[in-house]
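Let me begin by presenting the structure, written as structure tokens, before commenting on it.
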Amino acid sequence: MNIEKYDTLPADFFFGAALSGPQTEGMWTAMGKQENLWDMWSNLDLSAFHNRVGSYSGNDMGSRYSEDWQTFASLGFTSARTSIQWSRLMDANGNLNPEGAAFYHQLFAAARDAGVETFVNLYHFDMPAQLFRRGGWESREVVEAYAHYAATAFAEFGQEIEHWFTFNEPIVEPEQRYEQGNWYPFYHDFARARTVQYHISLAHALAVDAFRKAKEKGIVREDARIGLINCFTPPYTRENPTEGDLEAVRMTDGLGNRWWLDLVTTGTLPHDVLDTLAARGVELPIRAGDEQILAQGKVDWLGFNYYHPARVQAPEHDADEYGNPVFAQEYVWPDAVMNESRGWEIYPKGVYDFALKMTRDYPELEWFVSENGIGIEEHHAERDEEGRILDASYRVPFVRDHLRWIARAISEGAKCRGYHYWGAIDCWSWNNAYKNRYGFVEVDLNANYERRPKESAAWIAEVARTHHIG
Ligand code: BGP
């Protein structure tokens with residue numbers, strides 16, 4: 001496959017950065033911010049975080065945002081997506097926190113001054129702690145609270161922001177917190193995870209509904225659009241698969257990908273997945289009227305975060321040690337190229353395969369690559385005489401290969417409009433904290449978060465300006 005010949009992206013293709021409030025802002029108790037789940041976990045057990053760097057730090061963007069927006073502009077980026085922190089915008093009574101609102105007005109204004117458009121996401125794994133104590137995403141009351149928060153954000157920033165997103169990666173909290181027990185509160189409960197997934201779907205749809213109503217009333221701009229962002233994993237299995245392998249692909253794809261794609265294009269959830277869940281005794285908390293709520297979930301466009309594929313096969317056991325149903329197990333592909341720092345497979349063709357799947361199955365859907373990037377341990381990184389991190393040997397091929405496959409997908413009809421790089425300036429990565437660095441720009445934790453371009457920065461700036469994938 002001669003992928004090198006796909007070396008140009010369309011003139012109107014946009015480049016930008018992806019980031020989130022909890023991973024960048026810091027200032028975790030300032031401006032009336034309430035505790036969120038990350039602060040709560042950091043307070044409970046700092047040793048769970050790499051080098052004991054808890055949620056408090058962000059990457060100091062809260063005080064350096066003017067500099068950071070200018071840095072994005074200097075990389076040739078015309079947009080950047082961050083998130084509003086629910087725990088900063090709203091107070092403990094569910095009312096607007098004016099100090100939090102003022103912070104975001106300043107943040108967005110500084111982006112405009114730098115010539116960067118802010119895309120705003122409303123939720124990035126950051127449940128306010130007091131709402132978690134009241135049931136979190138397992139509770140309808142919290143779903144309603146989210147819808148109220150979303151409507152408040154539309155009212156406050158509706159004239160400033162054109163691009164809105166309800167959720168980042170809504171599949172991640174069900175998996176990490178409720179099913180796989182990796183993140184606080186460490187549950188291993190498949191059924192609770194699906195309840196959370198279902199409630200987040202309702203919350204998404206209620207927020208879209210609030211957005212449409214706000215638009216009708218002129219509360220949000222006429223040109224405003226709303227979308228959802230998810231980490232879609234193109235699913236693969238072994239060559240010459242058994243029926244069981246194909247079934248593993250169906251459910252992996254169904255729960256992680258089609259669930260959200262169907263929701264945002266048709267306002268429904270995939271019937272085959274719901275049927276299989278019911279057949280395995282997994283009950284969703286469905287109430288009368290929910291169908292009408294979900295029907296509001298259709299979006300204007302979609303964000304596709306792409307890091308790695310899913311390689312699965314038929315499971316050896318159909319239940320795990322906790323009694324949860326198991327639909328698939330990992331298939332170790334012998335040819336896989338791994339990012340050893342993160343434990344994720346590097347497979348640039350996956351973005352193309354999934355793009356063509358969307359083009360085929362959801363032909364009207366417009367989308368962009370809303371996150372992609374490579375996080376490498378740079379603790380002992382090689383540096384040049386000026387102290388610049390020499391990262392081009394791995395970061396450039398990673399981004400270049402993904403961009404080429406995107407260019408090819410576009411040439412075959414994919415409605416992909418742009419590319420946002422994750423963590424363009426190094427940031428805090430949840431419990432990995434600063435272990436793996438994604439940035440074109442280094443954040444020096446030993447020098448008060450000082451920023452310094454890495455070797456790859458000049459390369460991406462050139463690509464973003466010329467649209468030539470050199
Ligand atoms: C995505 C999240 C981001 C970001 C990124 C990199 O799943 O949306 O918040 O963190 O992955 O992953 P990590 O930070 O775990 O290395």
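Things to note:
- The residues in the stretch 345-364 that are more than 16 Å from the ligand (Cβ to nearest atom), touching a strand residue (DSSP E or B) at 6+ places or on another chain (Cβ under 9 Å), hydrophobic (A, V, I, L, M, F, W, C) and closer than 18 Å to D401 by Cβ can be counted, and the count is 1.
- Whichever residue in the stretch 148-195 is among the aliphatic types (A, V, I, L, M) and over 30 Å from F108 (Cβ atoms) and, among such residues, is farthest from the chain's Cα centre (by Cα): A191
- Here the helices (runs of 4 or more DSSP H) wholly within the stretch 241-306 that include at least 2 residues being under 21 Å from G350 (Cβ atoms) are 243-253, 259-266.
- Only one of the listed residues (D223, D245) is more than 27 Å from N121 (Cβ to Cβ) and more than 16 Å from the ligand (Cβ to nearest atom). That residue is D245.
- Within the stretch 332-370, the residues that satisfy the criterion of being part of a helix (DSSP H, G or I) and of a type in the set (D, E, K, R) are K349, D353, K357, R360, D361.
- Hey, R342 surrounded by 17 or more Cβ atoms within 10 Å (Cβ to Cβ) and within 15 Å of the ligand (Cβ to nearest atom) or not: yes
- Exclusive hit being crowded, with 18+ Cβ neighbours inside 10 Å and more than 16 Å from the ligand (Cβ to nearest atom), set A328, A295, A310: A328
- Those residues of the stretch 75-102 which are of a type in the set (A, V, I, L, M, F, W, C) and out of contact with any Asp or Glu (no Cβ under 8 Å at 6 or more places or on another chain), in sequence order: L75, F77, I84, M90, A92, A102
- If you check S393, S429, S411 for being within 16 Å of the ligand (Cβ to nearest atom) and not acidic (D, E), only one passes: S429.
- Only listed residue being more than 16 Å from the ligand (Cβ to nearest atom), of a type in the set (K, R) and either more than 23 Å from W428 (Cβ to Cβ) or in contact with a helix residue (DSSP H, G or I) (Cβ under 7 Å, 6 or more places away or on another chain) (or both), chosen from R388, R400: R400
Residue-by-condition table, conditions (1) in contact with a Ser or Thr (Cβ under 9 Å, 6 or more places away or on another chain); (2) buried (at least 17 other Cβ atoms within 10 Å of the Cβ); (3) among the hydroxyl-bearing types (S, T, Y):
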{"site": "I161", "(1), (2), (3)": "yes, yes, no"}
{"site": "T166", "(1), (2), (3)": "no, yes, yes"}
{"site": "E175", "(1), (2), (3)": "no, yes, no"}
{"site": "E179", "(1), (2), (3)": "no, yes, no"}
{"site": "D209", "(1), (2), (3)": "no, yes, no"}
{"site": "I229", "(1), (2), (3)": "yes, yes, no"}
{"site": "T233", "(1), (2), (3)": "yes, yes, yes"}
{"site": "G244", "(1), (2), (3)": "no, no, no"}
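- Complete set of residues in the stretch 67-97 that are of a type in the set (A, V, I, L, M), assigned to a helix (DSSP H, G or I) and in contact with a strand residue (DSSP E or B) (Cβ under 8 Å, 6 or more places away or on another chain): L89
- Hey, A336 more than 24 Å from R64 (Cβ to Cβ), in contact with a strand residue (DSSP E or B) (Cβ under 8 Å, 6 or more places away or on another chain) and away from the ligand (no atom under 16 Å from the Cβ) or not: yes
- Count - residues of the stretch 5-16 that are outside any strand (DSSP E or B) and under 26 Å from H163 (Cα atoms): 5
- If you go through the stretch 415-437 and keep only what is part of a loop (DSSP other than H, G, I, E, B), under 27 Å from W301 (Cα atoms) and touching a residue at least 60 places away in the same chain (Cβ under 8 Å), you end up with G423, A424, C427, S429.
- Being assigned to a loop (DSSP other than H, G, I, E, B), polar (S, T, N, Q) and more than 15 Å from the ligand (Cβ to nearest atom) is a condition met by no residue of the stretch 438-446.
- Residues of the stretch 17-37 that are more than 14 Å from the ligand (Cβ to nearest atom), under 30 Å from G418 (Cα atoms) and in a helix (DSSP H, G or I): none at all.
- Those residues of the stretch 70-88 which are under 20 Å from the mean Cα position of the chain (by Cα) and not charged (D, E, K, R), in sequence order: F72, F77, T78, S79, A80, T82, S83, I84, Q85, W86, S87
- Within the stretch 371-383, restricting attention to residues that are under 22 Å from the mean Cα position of the chain (by Cα) and in a loop (DSSP other than H, G, I, E, B), the residue that is farthest from L302 (Cα to Cα) is G375.
- Contact map, the stretch 281-309: first residue β-branched (V, I, T), second residue assigned to a helix (DSSP H, G or I), Cβ cut-off under 6 Å, separation 6 or more or different chains; pairs are V282/A191; V282/R194; I293/L202; I293/A205; V299/V264.
Read-outs: derived from the displayed coordinates by stated rules, not from any lab. If you're wondering where the values come from, they're calculated on a predicted model, not measured in any experiment. Using ideal geometry, Cβ is built from the backbone for each residue, glycine included, and neighbour counts are taken over all protein chains shown.
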